[in-house]
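The values are calculated or read from the model by the stated rules, or taken from the named source; none is laboratory data. Because the structure is predicted, anything quoted here is derived from the model rather than measured. Cβ: placed from backbone, ideal geometry, glycine included. Neighbour counts: every protein chain shown. Each accessible area value is taken on the protein alone, full model and side chains, heavy atoms only, with ligands, DNA and RNA left out. Shrake-Rupley method; radii C 1.70, N 1.55, O 1.52, S 1.80 Å.
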Amino acid sequence: MKIAFVGKGGSGKTTLSSLFIRHLATTGAPVIAVDADINQHLGAALGLDEAVAAALPAMGARLPLIKDYLRGSNPRIASAETMIKTTPPGEGSRLLRVAEGNPVYDACARPVDLDGDSVRLMVTGPFTDADLGVACYHSKTGAVELCLNHLVDGRDEYVVVDMTAGSDSFASGMFTRFDLTFLVAEPTRKGVSVYRQYKEYARDFGVTLKVVGNKVQGQDDLDFLRAEVGDDLLVTVGHSDWVRAMEKGRPPRFALLEDANRGALKQMHTAVDATYGLRDPERYTRQMVQFHVKNAQSWGDERTGADLAAQVDPGFVLGEHLTVSA
């Protein structure tokens with residue numbers, strides 16, 4: 001199951017995504033955590049020392065390896081150099097699975113211990129000095145999008161992505177890659193403004209969206225969120241001494257998280273699992289192809305010197321029926 005956390009900057013989406021990752025880890029399910037935010041804070045939120053988090057291998061810096069592996073023997077892709085962030089898989093492509101070992105995970109993923117449980121963490125990587133003033137951050141997140149396009153995941157296995165803040169997620173087709181998107185919103189006008197944008201942009205793409213109200217302090221805050229987002233409001237989270245300790249770098253055992261907040265995480269987990277029956281592999285693949293063709297026409301063909309629409313395998317559908325990597 002693929003889950004995204006979005007919201008305006010400062011809403012608490014990284015904190016809540018880290019709590020949800022910790023919750024999933026306690027179930028024993030395989031979990032991959034991905035930091036795709038421009039501000040790389042997920043590692044620290046999962047308890048890593050800042051120096052350790054800063055030394056995590058950047059997916060963006062390993063894009064040639066990722067492309068070469070995923071390309072496999074797909075005859076429609078002339079070379080790894082002609083692959084772009086939206087390139088879809090086809091016959092002969094190598095696919096990724098959550099619980100397996102493969103060269104992409106070997107190069108880009110690192111285990112994170114969470115009170116005896118473990119998840120794999122992958123990060124896009126921060127801006128470097130060479131990027132400043134000349135690079136777009138979406139060139140970094142392209143590695144995440146490419147991996148999601150080649151990922152086959154099933155029930156009771158999870159990929160949790162901490163996305164870029166605000167509506168920046170819509171600069172690529174990555175917003176359609178998830179079974180459920182949690183939008184973290186504070187009970188303020190600014191807090192719900194991103195919700196309105198996201199709801200509008202995602203309306204025609206079948207995106208399943210649920211709001212998690214954060215920093216909710218009383219009935220007035222709850223009433224405000226209910227009035228603004230209606231039935232999309234799933235749960236609310238209030239003050240947490242556990243989170244405050246975590247933000248100081250001294251997190252207690254996760255089992256000591258407040259009961260109300262543990263209950264909210266369980267509700268979120270239930271909501272994620274409930275979307276399994278809504279999966280539509282044909283629509284998922286069709287949207288992938290749609291964004292690839294759009295990117296090819298906009299800039300991809302010119303940049304690569306290739307007809308990238310020809311990479312589309314018209315008979316290929318990405319789904320759980322693909323049980324063996326090509």
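Values as computed for the structure displayed
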| quantity | calculated |
| --- | --- |
| Relative contact order computed over the chain (Cα-Cα under 8 Å; 6+ residues apart), in percent | 27 |
| Unit charges on C-beta of K, R, D, E only; dipole of the chain, Debye | 160 |
| Furthest towards positive pole of dipole, 227, 101, 175, structure part the chain, Cβ charges | 227 |
| Values of log10 I(q)/I(0), in the order q = 0.15 Å⁻¹, for segment 175-283 under a Debye, Cα-only, solvent-free model | -0.73 |
| Under 13 Å from residue 2, Cα to Cα: aspartates and glutamates that are on another chain or at least 8 residues apart | 145, 153, 156, 157, 162, 179, 273 |
| Per-q log10 I(q)/I(0), segment 1-116, q = 0.12, 0.13, 0.15, 0.21 Å⁻¹ (Debye; single scatterer per alpha-carbon; no solvent) | -0.53, -0.62, -0.80, -1.26 |
| The chain, accessible area per residue, ligands and nucleic acids excluded (1.4 Å, Å²) | 44 |
| Neighbour count of at most 12 Cβ within 10 Å plus DSSP loop: longest trypsin sites (Lys or Arg not before Pro)-free window in the chain | 1-154 |
| Cα-based Rg and Dmax for the chain, where Dmax is the largest Cα-Cα distance (Å) | 19.3, 59 |
| Nitroxide proxy distance, nm - points 7 Å out along Cα→Cβ at residue 204 and residue 298 | 1.4 |
| Given 67/210; 199/248; 8/248; 85/248, the pairs whose alpha carbons are separated by over 31 Å | 67/210; 199/248; 85/248 |
| Solvent-accessible ranking of 292, 41, 269, largest area first, probe 1.4 Å | 41, 269, 292 |
| Size of charge dipole - segment 1-91 - debye, nearest 20, with Cβ of Lys, Arg +1 and Asp, Glu -1, no other charges | 280 |
| Centroid-to-centroid separation of segment 230-295 and segment 1-73 [C-alpha atoms, Å] | 13 |
| C-alpha long axis of helix 189-202 to longest principal axis of the chain, angle in ° | 30 |
| Mean-position separation - Cα centroids, segment 88-104 and segment 139-209, in angstrom | 22 |
| Check: segment 135-259 dipole with +1 on Lys, Arg Cβ and -1 on Asp, Glu Cβ, in debye | 360 |
| Simple spin-label estimate for residue 276 and residue 244 in nanometres, 7 Å along Cα-Cβ | 3.9 |
| Estimated Rh, segment 148-209: Kirkwood, alpha-carbon pairs, angstrom | 12.8 |
| Degrees, to the nearest 10: 138-149 long Cα axis against longest axis of the chain | 80 |
| Rounded percent of accessible protein surface that carbon and sulfur make up, segment 207-326, 1.4 Å probe | 48 |
